[in-house]
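Trainee: One structure follows; several queries about it will come next.
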Amino acid sequence: MKGYIYITSTGYDPEKGKSLNDPYLGPVPTLGACMPNIRRQVVPGDHIYLISGRVHGVQQLVIGGFEVAERLDTMIAFQRFPSLRLHLGQDGQLEGNIIVTSKGGQHPLDTHDPSSFRNRVKNYIVGRDPIVLTAPIEIARGRAETMDVLCDVIGNYGVTPIEVVGRWHRLDEQQVLEIRDWLDRVKSGR
């Protein structure tokens, strides 16, 4: 088992920024178009963790993560998870992480460079056993403890997540277990 931890795009934060749509961290977590380098390398049993993006004046945090259950072709994901097809939510924000149309083309709401589209739709990840900080008290504690946890677990010192993990960082089994254990302690209030 191995894992990866990465920082999502600027502005994505569970309380203070845009809502997350990729990865989707619901009961059956998924990672659709973001981080093709990680999606290409993970296998079932590996773990993926997510750090919130930069929002001015807000401490970033490890939001949560999940275990990889399977890797799918995006057209299979399109059929299996209709609610995760790219669309605009009632609040006008993008929702969903399946960026293809019914014919397999690039969805009009996906504004990334079309030249990267074929690479971005490979290896749709379906997860299991998500652990996500959602309650305000969990998020507050996550913000307060994230940097200490990252520095201890990764073994790098920094004052921001990017200084410790870069854009993303590979984790060994012990590091995966330490981050998951910390998230579990935060969720359970221990």
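The values are calculated or read from the model by the stated rules, or taken from the named source; none is laboratory data. Computed from a predicted structure; not experimentally measured. FYI the Cβ positions are ideal-geometry reconstructions off the backbone, even for glycines, and counts take in every protein chain you see.
Trainee: Scan Val126, Val132, Val165, Val149 and give me the residue that is surrounded by 16 or more Cβ atoms within 10 Å (Cβ to Cβ), of a type in the set (Val, Ile, Thr), touching a Pro at 6+ places or on another chain (Cβ under 9 Å) and under 15 Å from Ile51 (Cβ atoms).
Mentor: It is Val132.
Trainee: Something else now. Of all helices (runs of 4 or more DSSP H) completely enclosed by the range 110-170, which ones contain at least 3 residues that are under 18 Å from Leu25 (Cβ atoms)?
Mentor: 136-154
Trainee: If you don't mind, there's one more thing I want to ask. I'd like the full set of residues that are without any contact (Cβ under 8 Å) to a residue 60 or more places away in the chain and on the phi > 0 side of the Ramachandran plot, limited to the range 11-54.
Mentor: Of everything in the range 11-54, those that are without any contact (Cβ under 8 Å) to a residue 60 or more places away in the chain and on the phi > 0 side of the Ramachandran plot turn out to be Gly11, Gly45.
Trainee: Further, regarding this structure: Looking only at the range 81-139, how many residues end up being without any contact (Cβ under 8 Å) to a residue 60 or more places away in the chain, among the hydrophobic types (A, V, I, L, M, F, W, C) and within 26 Å of Asp184 (Cα to Cα)?
Mentor: The total comes to 2.
Trainee: Would you be able to say whether some residue in the range 128-137 is out of contact with any strand residue (DSSP E or B) (no Cβ under 8 Å at 6 or more places or on another chain), under 19 Å from Asn21 (Cα atoms) and among the aliphatic types (A, V, I, L, M)?
Mentor: Yes: one or more hits.
Trainee: Would you check which residues across the range 97-109 are part of a strand (DSSP E or B) and either modelled with pLDDT of 95 or more or polar (S, T, N, Q) (or both) and list them?
Mentor: Gln106, the sole residue that qualifies.
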